[in-house]
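The values are calculated or read from the model by the stated rules, or taken from the named source; none is laboratory data. Please read these numbers as outputs of a predicted model, since none were measured by experiment. Cβ placement follows ideal geometry from the backbone for every residue including glycine, while neighbour counts extend to all protein chains displayed.
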Amino acid sequence: MSVARFWRKIPHRYNMLGTKCETCGRHFFPPRSFCPDCRRSGKIADYKFAGTGTVVTYTVIHTASEQFEKLTPYVLAIVELDEGPRMTAQVVCRPDEVKIGMRVKRAFRRIATDGESGVIHYGTKFVPVE
Amino acid sequence: MRDVAVIGAGCTTFGEKWSSSFRDLFVEAGALALEDAHLSGEKIDAMYVGNMSAGRFIEQEHIGALIADYAGLATHHMPSTRVEAACASGGLAFRQAVIAVASGMEDIVVAAGVEKMTDVEPGASTDTLTGAADREWEGFVGATFPGLYAMIATDYMHRYPLTREQLALVAVKNHYNGARNPIAQFQQEITIDTVLKSPMVAEPLRLFDCSPITDGAAAVIVAPLERAREFTDTPIKVLASAQASDTITLHDRRDISTLDASVVAGKWALKMARCTHKDIDLVEVHDCFSIAEICAIEDLGFCKKGEAGKFTADGETALNGTIPVNTSGGLKACGHPVGATGIKQVFEVVQQLRGEAGKRQIDGAKIGMTHNVGGTGATVAVHIFGRA
Ligand SMILES: [Zn+2]
């Protein structure tokens with residue numbers, strides 16, 4: 001991913017900054033500037049997510065694309081944030097530890113490196129809540 | 001709206017075709033389809049070509065014009081349009097051809113699909129296919145395409161009674177059918193053990209749960225039904241064409257284990273064809289992974305949610321079952337050249353309805369369905385065909 005394409009989303013990737021529709025209370029991550037439910041009557045404001053959630057489903061990736069090969073096997077999950085939206089993210093735990101319903105919280109981690117001397121991308125992974 | 005019929009169909013063999021270029025593939029498929037319809041190229045009014053990612057796979061864009069040119073039709077100046085919807089590119093190209101003829105705008109239209117996937121390393125093709133999902137919010141965090149379907153499988157197996165062995169039986173059945181299809185990439189039968197002992201890709205999916213990397217092309221020709229017998233004695237009528245969309249990410253879906261776009265497109269298609277799923281004699285579904293076939297036969301209404309594992313284990317989807325699924329071998333055994341798959345599904349149903357499917361022929365097949373999925377279900381095309 002190009003530097004600009006990544007940098008553009010840094011506030012969202014680093015800080016879990018999303019939006020909220022103040023008309024209906026629905027939260028959006030990644031952020032949306034238009035509420036699909038309220039449409040033009042939706043009033044959108046920035047919202048910083050608490051970063052806690054629950055594992056909805058998961059897999060353990062054994063065959064990855066080049067950028068992630070060194071990480072295998074790694075846990076990938078769909079996490080439902082406590083505010084409602086779901087996101088796809090890695091969970092930093094042993095492959096046999098992950099299960100549906102597991103409580104997790106966000107952690108700031110290195111996601112990938114572009115090539116040998118490339119840019120290091122950071123973002124959100126999740127860790128189990130003790 | 002005019003009735004539309006398929007008057008010709010052709011398909012290359014599928015596989016790792018080291019000696020064939022992208023251009024060789026579509027020229028071969030197109031020539032086979034024209035020959036089948038007893039047509040010469042200059043009679044074609046328009047062409048739609050399904051292709052997912054020639055830009056990434058062979059660094060070539062502008063596929064519509066390239067194909068018309070190499071089909072020898074550059075000086076004919078016929079309109080030629082590329083259609084892209086990831087793995088559903090072929091199904092959507094076919095639908096565009098049907099719409100063009102049904103509208104009365106064009107008469108003789110080619111719908112083709114082509115993908116040349118083996119000119120890049122496997123790591124690069126894995127990454128390219130990840131572009132069928134959401135690059136920024138799925139691919140970027142380490143999701144692979146098999147990984148996303150694996151998360152469907154985990155969710156499904158947590159909620160419904162599907163055993164690992166039943167899931168393997170999808171691949172076993174599709175290899176059995178592939179062994180009876182001369183164009184299939186894999187011609188050998190396998191056992192449950194073959195699947196369970198193959199390398200893990202993304203838990204719980206193993207290598208033999210996954211469709212392969214494939215080169216191939218397919219082409220069909222559609223025309224107004226009223227003119228079809230000028231070209232063939234066995235026209236196949238297009239009874240329905242439906243297409244539906246859903247969220248690009250898997251995590252935003254209403255239900256992880258249901259492809260709502262399949263449910264909706266399936267319902268629309270049955271309504272348009274004025275039939276029920278009980279009238280369907282065979283169906284080609286989009287089994288890019290074994291779990292995808294499980295979801296598809298439920299989402300299309302052939303069995304209830306949660307029962308597809310038992311349905312498969314009971315042999316209901318086999319060649320001699322109540323609803324034969326993927327008689328071609330499906331994406332798993334016939335192969336999955338992404339942009340060509342949707343057209344190959346039409347090619348298979350046409351062969352079956354004409355009674356030309358050889359060792360995998362479904363006796364007396366009158367109505368067939370195709371189901372083509374883009375990404376993890378963000379685009380679905382469903383078509384229904386009948387003997388004219
Ligand atoms: Zn709202």
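At-a-glance table
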item	result
Verdict on B:Ala273 being at pLDDT 95 or above and in contact with a strand residue (DSSP E or B) (Cβ under 6 Å, 6 or more places away or on another chain)	yes
Residues of segment A:66-109 that turn out to be among the small types (Gly, Ala, Ser), closer than 18 Å to B:Thr154 by Cα and more than 7 Å from chain B (Cβ to nearest Cβ), as a count	2
Residue within segment B:322-331 that is in a helix (DSSP H, G or I) and either surrounded by 22 or more Cβ atoms within 10 Å (Cβ to Cβ) or in contact with a strand residue (DSSP E or B) (Cβ under 7 Å, 6 or more places away or on another chain) (or both) present	yes
Residue in segment B:110-133 that is surrounded by the most Cβ atoms within 10 Å (Cβ to Cβ), counting only those that are of a type in the set (Asp, Glu) and modelled with pLDDT under 95	B:Asp127
Scan of segment B:121-147 for residues that are part of a helix (DSSP H, G or I) and either in contact with an Asp or Glu (Cβ under 6 Å, 6 or more places away or on another chain) or not polar (S, T, N, Q) (or both), ordered by number	B:Pro122, B:Gly123, B:Ala124, B:Asp127, B:Leu129, B:Gly139, B:Phe140, B:Val141, B:Phe145, B:Pro146, B:Gly147
Top-ranked residue in segment A:36-53 [being in a strand (DSSP E or B) and within 13 Å of the ligand (Cβ to nearest atom); ranked as nearest to the chain's Cα centre (by Cα)]	A:Tyr47
Those residues of segment A:26-35 which are within 8 Å of the ligand (Cβ to nearest atom) and of a type outside the set (Lys, Arg), in sequence order	A:Cys35
Criterion violated by B:Thr118 - all others in (1) free of Cβ contacts under 8 Å to residues at least 40 places away in the same chain; (2) of a type in the set (S, T, N, Q); (3) assigned to a loop (DSSP other than H, G, I, E, B) satisfied	(1)
Complete set of residues in segment B:201-244 that are within 14 Å of chain A (Cβ to nearest Cβ) and in a strand (DSSP E or B)	B:Val201, B:Ala202, B:Leu205, B:Arg206, B:Cys210
Matching residues in segment A:37-60 - criterion: being touching a Ser or Thr at 6+ places or on another chain (Cβ under 8 Å), under 17 Å from A:Thr124 (Cβ atoms) and within 14 Å of another protein chain (Cβ to nearest Cβ)	A:Tyr58
Residue identified as within 13 Å of chain B (Cβ to nearest Cβ) and either more than 17 Å from A:Arg86 (Cβ to Cβ) or away from the ligand (no atom under 16 Å from the Cβ) (or both) among A:Thr63, A:Thr23	A:Thr63
Subset tally (residues that are in contact with a helix residue (DSSP H, G or I) (Cβ under 9 Å, 6 or more places away or on another chain), within 23 Å of B:Val222 (Cα to Cα) and basic (Lys, Arg)) for segment B:235-280	1
Pick from segment A:60-98, criterion part of a strand (DSSP E or B) and over 13 Å from the mean Cα position of the chain (by Cα), ranking: farthest from A:Ala112 (Cα to Cα)	A:Val60
